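In what follows, a structure is listed as structure tokens, so that the remarks can point back to it.
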Amino acid sequence: MSNSKARFLSDKLKTIPLLSCLSDISRDNFADKCRWVEYGPNNNVIERGMNDTNVYFIITGTVHVLNYSETGRAITYATLREGDMFGELAAIDGLPRSAWVCTITPCQMATAPSSAFLKLLSGNSKMSLALLRRMSSNIRLLDDRLKDLTLLGAEQRACTELLRMAKPDQEDPGGYVISPMLTHANF
């Protein structure tokens, strides 16, 4: 990779919270091992069952992490945005992908081979701890969702999920926004 392209990618990787603890040299070295990819809206990035173990860092755009039921109904697990990452589970355990990741908007991403990602983790305790905290948070969220699924009715689950998704509106203090807006299929 050319020096200017590596520098550009390294600068973009500064926006990823998980990588913010890295020194410039470590981030530059990691950027050298990454590949810059772009996707249009409504593209599959990852399909369940794939044997790809790369890790993806979202520079711009929004994606859904989802699965499909036996009847073909989409079940959205998460919406990820700029600064988020995905693919770390397959990178860590080497198993096939456990979910689909589809773009909602045009996306720019950096993708790293699992070997580079694992080497970076093994050499950086702050980054490893940040990833463990992120994974713990995901497990707690899934635990809450499982509890809701087993204890609440459909209407209560929908309301609870809308409350989880609502974020403070920057333009209307006291107001909340859900973005991107859910479709009927998401419900």
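The values are calculated or read from the model by the stated rules, or taken from the named source; none is laboratory data. Note that this is a predicted model, so its numbers are computed, not measured. A quick note on method: Cβ atoms are made from the backbone with ideal geometry, for glycine too, and the neighbour counts reach across all protein chains shown.
Residue-wise test of (1) more than 12 Å from the chain's Cα centre (by Cα); (2) exposed (fewer than 13 other Cβ atoms within 10 Å of the Cβ); (3) among the hydrophobic types (A, V, I, L, M, F, W, C).
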| residue | (1), (2), (3) |
| --- | --- |
| N29 | yes, no, no |
| G49 | yes, yes, no |
| E70 | yes, yes, no |
| T76 | yes, no, no |
| L89 | no, no, yes |
| P96 | yes, no, no |
| L120 | yes, no, yes |
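For V63, the criteria (1) surrounded by fewer than 14 Cβ atoms within 10 Å (Cβ to Cβ); (2) within 11 Å of the chain's Cα centre (by Cα); (3) β-branched (V, I, T) hold in every case but one, which is (1).
Taken over the stretch 63-104, the residue count meeting the criterion of being hydroxyl-bearing (S, T, Y) and at pLDDT 95 or above is 1. Scan the stretch 31-47 for residues that are over 19 Å from K14 (Cβ atoms) and crowded, with 18+ Cβ neighbours inside 10 Å and the total you get is 3.
The strands (runs of 3 or more DSSP E) located wholly in the stretch 1-117 that include 3 or more residues which are among the β-branched types (V, I, T) occupy 55-60, 74-80. S137 fulfils the conditions (1) over 19 Å from S23 (Cα atoms); (2) among the small types (G, A, S); (3) modelled with pLDDT of 90 or more except for a single criterion, (3).
Exactly one residue among K147, K126 is loosely packed, with under 13 Cβ neighbours inside 10 Å, modelled with pLDDT under 90 and assigned to a helix (DSSP H, G or I), and that residue is K147. Answer yes or no: is there a residue in the stretch 3-16 that is out of contact with any Asp or Glu (no Cβ under 6 Å at 6 or more places or on another chain), crowded, with 20+ Cβ neighbours inside 10 Å and more than 24 Å from M135 (Cα to Cα). For the stretch 3-16, residues out of contact with any Asp or Glu (no Cβ under 6 Å at 6 or more places or on another chain), crowded, with 20+ Cβ neighbours inside 10 Å and more than 24 Å from M135 (Cα to Cα): present.
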